[in-house]
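Notes follow the structure.
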Amino acid sequence: MYQENYDDVEFGGDVDLVANSYANSNLVEGELDEEELIMQAQAGVQSIPEPVRNFLANLHRNLANCNVGDLAYNYENQFVRLTDKFYGKAPWPEPQYVAALVGDDGLFLTLYRELYYRHIYSRLHPSLEVRFRSFENYCDLFNYILNSDGPIELELPNQWLWDIVDEFIYQFQSFCTHRSRVSKRSAEEIELLKENSQVWNTYSVLNVLYSLIQKSSIYEQLEAGQQGGDVIEAAGDFGVRPLYKMLGYFSIIGLVRVHCMLGDYTLALQTLQNVELGNSRALFTRVTACHVTVYYYVGFAYLMMGRYADAIQSYVHILTFVSRTRQYHQRSYQFDAVNKKAEQMYALLAIAVSLSPVRVDENIHTYLREKYGDQQHKMQRGGEEAVEIISELYLYACPKFIMPNPPSYSDIEAASNTAEPQNFQLKIFLREARLQLVIPTLRSFLRLYTTMDLDRLSTFLDMDPLELRNQLMVYKQRCRQIKWAGTPDLLQGEITSATDLDFALQEDMIFIAESRVGRRYADWFIRNTNKIQDLVNNIENRQKTAIANAGKPKAEENNT
Amino acid sequence: MATTSFDRPSTRPDEIHTLLTGVERYNPQKAGVLEDYLERQCANSDPLSNHDLMANLALLKMYQFNPDLVNLDAIRCILVKALISQSQSDFNLCLYLLSDDICKDASISKLLVLRDYLEGAQFDKFWKEIYGAEDDDEGSVVDDIAGFDSGLRRLIIGEITSTYQTVAVKAVETMVSLNEEAVLRLCKEYNWPVDGSGIITLPLKSENKAKNTVIKENVKFEQLTKIISAANGI
């Protein structure tokens, strides 16, 4: 079905259309001779290889017929294969040429352009003009989706929808980083940036995300779902359609990402209200990249808020999932992206576990030890070396932070001297980490005793006793963390002790207490009891059938 | 009981709540509304109701998006409030939304130093830094915040009661910067017995009770349903 050859009827008749759109978009190059234009257009269309032309025609047909299943195949498999085969280092055919093949279908072309620009961003280097055009394309797309009178008749596979939102935010972040590197921009680029300040404007991006959320009434739907109310009613006309619902949902995740990039971790977690993080069937699990992204940012937000226990829990959860499903995703084109995020999460997990020692799942623990065992030792010893390692891992694994505003183009020198946002975030985090490091260092000493004199401990640690007193108070302060208890609101939680080592001071004497986890035997017993019960049932059943069969005369033998 | 800083405080008016939960929080014209609310928080000395973290974070975010609206005094107030908040991470959360330039300002950088002392439990340095020399004419960095001293002392006492089972009066004096008489009055207020040699016995609570615990496993009834039904021949 996918190898059907289509007659290239459209291509011959629509060259004029192509020539016109080509002329219109090349304003910079000035007017070309019309004949030359037509020849160029013809050459352009002909240069598209046959498999690609077929693919585009298929895509167009499936899009028009809302054939989501086939679209998914087109998008996830064929597009990737064709890219690898023909367009590894070059852009896909110009949208103007593709226009001829699909009869200038506006919606198709907008979607195609999104793919076209996305490809340029990932394999090539986008110029400033490409960035501007891509933004305009997104504006067209979202305008069409959001500002039509009724819900539009479009259906796309979830993977594609997620990629649109994901790429939108990625390009936004890329643009912010690009424009803030003022010293690397040429004078004309700076002029262009100054004149087009509405392009990739932070407010516009936020506006798109909030509008998608509002249009789909996704929060109302989630709340109704949680409380057992009527989801369909809560959804309204637009939210009922999968396109809007999923776009709204993915926009929530997109917002979480943007908030984290801007350093607003509380708002990020608040945005996930009612998105059931503990539910293994929640909507975000339908797209692996989305699933991984959610946990990455949630874990990161918790980490920055000092809720190390919650961060560890999030990361362990998602990393177990990734390692268990690794074999199913080998051939998915998302495999690389998911893997990279997983590696970053291991680094962040190493930091979190060093700052707030706690037992983790066996597999994760082994992998962590393999990869970061050395660094973990150094981090737990404290001191400047630990801080260096934390910085290194942090800068490797943190999201790309951005400044919401353009730099002041008039004062180039000052602008180029402002610190990159991630260094600022790192500085604040390190301040916390430095204080938090008291926990692993003290803990390793305190664990060996049940009572200890303050002066003796201070000689062990080579510290002034007064200083040690302060450190002990800091330890006490820091071992209390808020831990999320599974409520729909991720910010809530109960204050619990995050370490297994506790102590109390009686003037100068430290009394140390440890809490350990008792042996768990109930699970083992239950499982084995059930197993043997099943075995017994099995044997009894077989026995019954055997007896029944013995009593019955064999039908064939009686008929001979 | 644990109400975190993220819950809606009882004193937050509806108008502010709607502002925070909608897209209006990005509207730069609303900065004035949040600043007024901040002023009201500063004037309120009741520690249980005078800190609205979410509203203050929203104001800081507005400053982040609109650098021309930045009001350093408001930022100072927000940070001071976060400093004495019950939740130790509040200060950091506010910091993440600032920038290097803002942190270079004199009063803000002083607050950062103070915060280091406070979090490092170096209380004597902290008190010295806050109020400076006797003849210092400059206004203190914690001016205009009602209830600062008492809030701060409450915080420090909270830490003391979590860490110590018995503590010397002298030690408490340095930590909360009160003279002996005031400390003894405090002990009476909280009903802490003080023995002859100036040692206060603090009440035992979960934080300062050093007891070895074993976390036992919790077997839920649902896990046993299959076994029990099999045992009863179901």
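On the stretch given as segment A:391-428, residues that are of a type in the set (A, V, I, L, M, F, W, C), touching a residue at least 12 places away in the same chain (Cβ under 8 Å) and over 18 Å from B:Tyr96 (Cα atoms) total 3. Consider segment B:188-219 and keep the residues that are more than 29 Å from A:Cys479 (Cα to Cα) and of a type in the set (D, E, K, R). The one that is surrounded by the fewest Cβ atoms within 10 Å (Cβ to Cβ) is B:Asp195.
For (1) open to solvent by 70 Å² or more (accessible area, probe 1.4 Å); (2) outside any loop (DSSP other than H, G, I, E, B), each residue gets a yes or a no:
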| position | (1), (2) |
| --- | --- |
| A:Lys371 | yes, yes |
| A:Gln376 | no, yes |
| A:Glu388 | yes, yes |
| A:Tyr409 | no, no |
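When segment A:465-504 is filtered for residues that are of a type in the set (Ser, Thr, Tyr) and surrounded by 18 or more Cβ atoms within 10 Å (Cβ to Cβ), the ones remaining, listed by number, are A:Tyr475, A:Thr499. The residues on offer are A:Ala548, A:Ala513, A:Ala522, and the sole one that is open to solvent by less than 60 Å² (accessible area, probe 1.4 Å) and within 30 Å of B:Ser87 (Cα to Cα) is A:Ala513. Contact annotation: residue pairs with Cβ atoms under 9 Å, 6 or more positions apart or on different chains, pairing a residue in segment B:193-218 that is facing another protein chain (nearest Cβ under 10 Å) with a partner that is assigned to a loop (DSSP other than H, G, I, E, B) and among the acidic types (Asp, Glu), are B:Ile199/A:Glu507; B:Thr201/B:Asp195; B:Ile215/A:Asp500.
Among the conditions (1) over 16 Å from the mean Cα position of the chain (by Cα); (2) open to solvent by 10 Å² or more (accessible area, probe 1.4 Å), the only one that B:Glu119 does not satisfy is (1).
For segment A:486-504, a residue qualifies if it is in a loop (DSSP other than H, G, I, E, B), facing chain B (nearest Cβ under 10 Å) and of a type in the set (A, V, I, L, M, F, W, C), and the qualifying residues are A:Leu490, A:Leu491.
Residues in segment B:44-63 include none that are surrounded by fewer than 18 Cβ atoms within 10 Å (Cβ to Cβ), within 14 Å of another protein chain (Cβ to nearest Cβ), more than 30 Å from B:Ile160 (Cα to Cα) and touching a Phe, Trp or Tyr at 6+ places or on another chain (Cβ under 8 Å).
Going through (1) at pLDDT below 85; (2) open to solvent by less than 30 Å² (accessible area, probe 1.4 Å); (3) farther than 30 Å from A:Gln226 by Cβ; (4) at the interface with another protein chain (Cβ under 9 Å from one of its Cβ atoms) one by one, A:Glu507 falls short only on (2). Scanning segment A:215-236 for residues that are surrounded by fewer than 18 Cβ atoms within 10 Å (Cβ to Cβ) and among the polar types (S, T, N, Q) turns up A:Gln226, A:Gln227.
Have a look at A:Gln380, A:Gln334 and point out the one that is within 19 Å of the chain's Cα centre (by Cα) and surrounded by 14 or more Cβ atoms within 10 Å (Cβ to Cβ). One residue alone meets the criteria, A:Gln334.
The values are calculated or read from the model by the stated rules, or taken from the named source; none is laboratory data. What you see is a predicted model, and the numbers here were worked out from it, not measured in a lab. All Cβ positions, glycine included, derive from the backbone under ideal geometry; neighbour counts span all protein chains shown. Side chains included, ligands, DNA and RNA excluded: accessible areas come from the protein's heavy atoms. Shrake-Rupley method; radii C 1.70, N 1.55, O 1.52, S 1.80 Å.
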